[in-house]
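Just below is one structure, and these are the notes that go with it.
The values are calculated or read from the model by the stated rules, or taken from the named source; none is laboratory data. Keep in mind it's a predicted model, so treat the numbers as computed, not measured. Ideal geometry is used to build each Cβ from the backbone, glycine not excepted, and the neighbour counts take in all protein chains shown. Accessible surface is based on the protein model in full, side chains and every heavy atom, while ligands, DNA and RNA are left aside. Shrake-Rupley method; radii C 1.70, N 1.55, O 1.52, S 1.80 Å.
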Amino acid sequence: MLSLILRRIGIAIPVLLTVVTLTFLMVHSAPGGPFDEEKAVSPEVLIKLNEKYNLDQPLSAQYLDYLSGILVGDFGPSFRYPGRSVTELISIGLPVTFELALYSILFALAVGLLAGILGALKPNTPLDYIPMSTAMIGICIPSIILGPSLILIFGIWLEWVPVSGWGYMPGDKLLPTLTLGTAYAAYCARLTRGGMLEILNQDFIRTARAKGLRPPVVLFKHALRNAIIPVVSLAAVQFGFMLGGSIVVETIFALHGAGFLAWESITRNDLPTVQGLILVFSLFYIVLTFFADLLNAWLDPRIR
């Protein structure tokens, strides 16, 4: 197990360094400068701004300066929020995005696992057809359509829940969670059903039943533990995608999280904030994948 951990760490560090380098190069290779839209600013002021943010330095010097900063958690100053650092802006918006992604992945796993297990236990029955058909619909509807539809039905017509904002009541979080988690719940349901059907037909399951083990023991201890391995990997990937892909949902529901901050930073050409957000999302993705590998190794000794 220790060798597996060391190998995964040895892979994660070069991947993170590659992400930092590629992000820096892509952002700085974009046409135009961050202050080109400031038409009313004189050339002298633009020169001072470039000097203030070290944009007049060679690209290699800027990269080394940026790399030395992120090693101590400093992503530099924001171009569009004077007096505020990128680290401060991310620390304000990240809790909202993390909470939204957490609720969404829990909803996706709860609904997806239940639907997949029911479909596998009762194949080719209404308990199989209805959840799987609903899952297919959930996969096909993008969040940019699902979100406004939920707002229209439950927020405006029925007036059950607020249509925007991220408050402290459970109802305030319901529509964003459903919008972000529905598609992933559908993927989880189909993956769980396929894995359970394959495992339930294995010889060791028939042996467990022949030994007289209770059906819940056979289902959860033997079948589900083996069938859930690909679901664990998918959940880690999904959670990472939710953190980085919540831009649309946060924009629809006016949630001032890291996703909304990413959209504002891209539209306002705030290069340091864009770089910082990409790095933070990538770091979360790498860490989640790392722990998913460890959990899969614990579930399946063959991986170890």
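Output the number of residues of the stretch 198-249 satisfying the condition of being open to solvent by 70 Å² or more (accessible area, probe 1.4 Å) and in a helix (DSSP H, G or I). Even if it seems obvious, please write down each step before you answer.
Narrowing the stretch 198-249 to residues open to solvent by 70 Å² or more (accessible area, probe 1.4 Å): 198, 201-204, 206-207, 209-211, 214-216, 220-221, 225, 241.
Pick out the ones that are also in a helix (DSSP H, G or I) and you get 198, 203-204, 206-207, 209-210, 215-216, 220-221, 225, 241.
Matching residues across the stretch 198-249 total 13.
When residues of the stretch 65-107 are filtered for being at pLDDT 90 or above, within 17 Å of Phe284 (Cβ to Cβ) and of a type in the set (A, V, I, L, M, F, W, C), how many remain?
12
Pairs needed: first member in the stretch 5-19, charged (D, E, K, R); second member anywhere, assigned to a helix (DSSP H, G or I) and at pLDDT below 90; C-beta distance under 7 Å; at least 6 residues apart or different chains.
Arg8/Phe290; Arg8/Asp293
Would you mind finding the one in Phe154, Phe220, Phe204, Phe241 that is aromatic (Phe, Trp, Tyr) and either closer than 19 Å to Gly116 by Cβ or in contact with an Asp or Glu (Cβ under 7 Å, 6 or more places away or on another chain) (or both)?
Of the residues listed, the single one that is aromatic (Phe, Trp, Tyr) and either closer than 19 Å to Gly116 by Cβ or in contact with an Asp or Glu (Cβ under 7 Å, 6 or more places away or on another chain) (or both) is Phe220.
Do we have any residue at all in the stretch 255-268 that's of a type in the set (D, E, K, R), in a loop (DSSP other than H, G, I, E, B) and touching a residue at least 60 places away in the same chain (Cβ under 8 Å)?
yes
Which members of the stretch 250-304 meet the condition of being of a type in the set (D, E, K, R) and either surrounded by fewer than 21 Cβ atoms within 10 Å (Cβ to Cβ) or closer than 21 Å to Gly181 by Cβ (or both)?
Those that are of a type in the set (D, E, K, R) and either surrounded by fewer than 21 Cβ atoms within 10 Å (Cβ to Cβ) or closer than 21 Å to Gly181 by Cβ (or both): Glu250, Glu264, Arg268, Asp293, Asp300, Arg302, Arg304.
Go through the stretch 68-88 and count every residue that is without any contact (Cβ under 8 Å) to a residue 40 or more places away in the chain and touching a strand residue (DSSP E or B) at 6+ places or on another chain (Cβ under 9 Å).
So the count comes out to 4.
Restricting to the stretch 47-79, count the residues that are crowded, with 16+ Cβ neighbours inside 10 Å and touching a Ser or Thr at 6+ places or on another chain (Cβ under 8 Å).
Count: 6.
Somewhere in the stretch 199-213, is a residue at pLDDT 85 or above and acidic (Asp, Glu)?
Taking every residue of the stretch 199-213 in turn, none turns out to be at pLDDT 85 or above and acidic (Asp, Glu).
Consider Tyr129 carefully, then state whether it is touching a Gly at 6+ places or on another chain (Cβ under 9 Å), over 20 Å from Leu174 (Cα atoms) and either open to solvent by 60 Å² or more (accessible area, probe 1.4 Å) or modelled with pLDDT under 85 (or both).
Yes.
Among the residues of the stretch 132-167, count how many are open to solvent by less than 50 Å² (accessible area, probe 1.4 Å), touching a residue at least 60 places away in the same chain (Cβ under 8 Å), in contact with a Gly (Cβ under 9 Å, 6 or more places away or on another chain) and of a type in the set (Gly, Ala, Ser).
Residues that pass the stated criteria total 1.
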